[in-house]
Amino acid sequence: MPQSMSKRRLGRTAAAAVAVVAAVTTPMAAHAAPAAESTAAELHDDFNGDGYQDMAVGAPRGTVGGKVRAGYVAVVYGSAKGIDLTRKQVLSQDTPGIPGAAEAEDHYGDGLAAGDLDGDGYADLVVGSQGEDVGDVISAGTLAVLWGGPRGLSGGTAVATGTEADRVDPRHPALGDFDGDGRLDLATGNRLLHGPFDRTSGAASSRTLAFEAEYVTDDVAAGDIDRDGITDLVGLLHDRGDDDLHDPDAKHRRAVYLRGTPDGLSAPAPLTNPDGTRTRGGESLGIGDVDQDGYADLVIGRPRDGSGEVPIDDPLLKGGQVGVVYGSAAGPDTSRTTVITQDTPYVPGSPEWGDGFGGGVSVADVNGDGYADVSTGSGGEDIGDVYAAGQITVLRGGKSELTGDGAVSMNQNTANVPGTAEQNDFFGADTKLLDVNGDGRAELFAGATGENRDGAVWAFPNPVNAPAATGSVSFGAGTLGTVADGSALGAGFAR
């Protein structure tokens, strides 16, 4: 492992080295689908239409064809037994049929989202490339859709290309039906693309999406918060003038809500507390119904705590936190909130500066009880005296709120977890809850961007009602056929 590295570098692209990619594309013949009829929700991540969700993860610093930090995406397909490491793909801009060409510093794969954009019954994959140059415009940014089919992902269409005056922010793509017309739309930090999407022409239309002037987008997520059948959008922002992204002061961080309507998204409305003060934002966002009242809830990860160097107005931020703002017919209800930290009863561990608890939030039901649960990483967590080895935690939804009761944490020193906790592994840099075996209960995936200076992904099975270490597997360069040299594999999973 590398020598000491500041925990403040923790994030979805925390590893700083460079990888060499040998692109692998294995055809994915569809297996027989389960008996249950497929729905749009079930196909959310099912790229080959076999009835099992598939896992897509980015390696935005991978070298492709000798081009450093060009980036690639790895896909591992689901099955009745969970992820099947014999059925996988490595996709880059040098893969035949995918738009563009691998170039140094493209960071292809630094934003991912999955959904059926063309309505053919197969999930597609949105891939962002923040560093893509367009002509003479440096880092103009692009978004492309890779198309699903019976043999998995193949081919693609560029759907957004940045210009000098209108750059693409592809890091946080979010899919939802924001106008209720039955077709998926695509939102990013600065633009909205309306469906239907076509494999030749791309989006039906596109427009600028401005959350707030002078603010930078930290994350974006979509869900039906007011239960009207139309998807809403939420953005987490920080003040453009705040250069210290680790300053957790609420005045620099906010959340904004855009209500979905038959006429499209409403103007952004900043969330405020009942006393009129600004509701604290954060850096990681998930949406799901954690209390099973029919309204989707905002799950806001706040991993940045100032690392002990910046005065904070909330002592609960030490080590990071997960906050919930509950949904209602009027949208996010800031009078109903929950805050979970490592000091919350039953949550393993204890808060320490720079832990990063609240990073890489994902929301899904892990035990089939109808309540959405939450996974989060604390990639800067020290394991014993091992600095920034990292840890992952699953929190349980319940009738009243998200709770620490029944929380489960794991790290690389947990029995039956592959590997060993090492300095700057950043295990838990991102997490994903995804039902890859079709049993109605989500399995847990975790990325460690610093593992072996290249990054790796862990998959935890769900044998009863929670992800478990027994039977867990990991994969990295050796499994994917890539060269381990700093790809930041595990930096971000498809949303």
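The values are calculated or read from the model by the stated rules, or taken from the named source; none is laboratory data. These figures come from a predicted structure and were not determined experimentally. No Cβ is skipped: glycine too gets one built from the backbone with ideal geometry, and neighbour counts run over all protein chains shown. Keep in mind that these areas ignore ligands, DNA and RNA; they rest on the heavy atoms of the full protein, side chains included. Shrake-Rupley method; radii C 1.70, N 1.55, O 1.52, S 1.80 Å.
Extent of region 50-113 along its three principal axes (Cα atoms, max minus min coordinate, largest first): 39, 20, 20 Å. Protein heavy-atom surface of region 85-146, 1.4 angstrom probe: 52% of the accessible area is carbon and sulfur, with nucleic acids and ligands not counted. Between residue 416 and residue 314, full extension at 0.36 nm per residue minus the direct alpha carbon distance yields a gain of 33.0 nm.
Computing percent of Cα pairs over 30 Å apart directly from the structure and comparing it against [x] 45; [y] 40; [z] 50 singles out [y]. For the set 105, 164, 132, solvent exposure ranked by accessible area (probe 1.4 Å, protein chains only) runs largest to smallest as 164, 105, 132.
Computing Rg and the Kirkwood Rh from the Cα coordinates of region 120-188 gives a ratio, Rg/Rh, of 1.03.
Cα centroids of region 444-495 and region 393-437: how far apart, whole angstrom? If we compute the Cα centre of each part, the gap is 12 Å. Once backbone amide H atoms are built at 1.01 Å from N, residue 336 has 326 as its partners under 5 Å, excluding neighbours fewer than 5 places away on the same chain. With one equal scatterer per alpha carbon and no solvent term, the Debye-computed log10 I(q)/I(0) for region 326-445 at 0.20 1/Å reads -1.12. Rg/Rh for region 86-244 stands at 0.97; both radii use Cα atoms, and Rh follows the Kirkwood definition. In this structure residue 287 has an accessible area near 30 Å², from a 1.4 Å probe over the protein heavy atoms.
Residues 220, 464, sorted by accessible area with the largest first, give 464, 220 [1.4 Å probe; ligands and nucleic acids excluded]. Using θ = phi - 60° in the Karplus curve 6.51 cos²θ - 1.76 cosθ + 1.60, the 3J(HN,Hα) couplings for region 191-196 round to 7, 10, 10, 8, x, x Hz; x is entered for Gly and Pro. Projected label points at residue 346 and residue 275, each 7 Å from Cα along the beta carbon direction, are separated by 2.9 nanometres.
Ordering 81, 432 by accessible surface, largest first, gives 81, 432; the 1.4 Å probe counts only protein heavy atoms, with every chain in place.
Report summary: the helix-based calculation at 222 nm, which adds -39500 (n - 2.57) for every DSSP H run with n ≥ 4 and divides by the residues of the chain, gives 0 deg cm²/dmol.
The modelled label-to-label distance between residue 165 and residue 137, using points 7 Å beyond Cα along the C-beta direction, is 1.0 nm.
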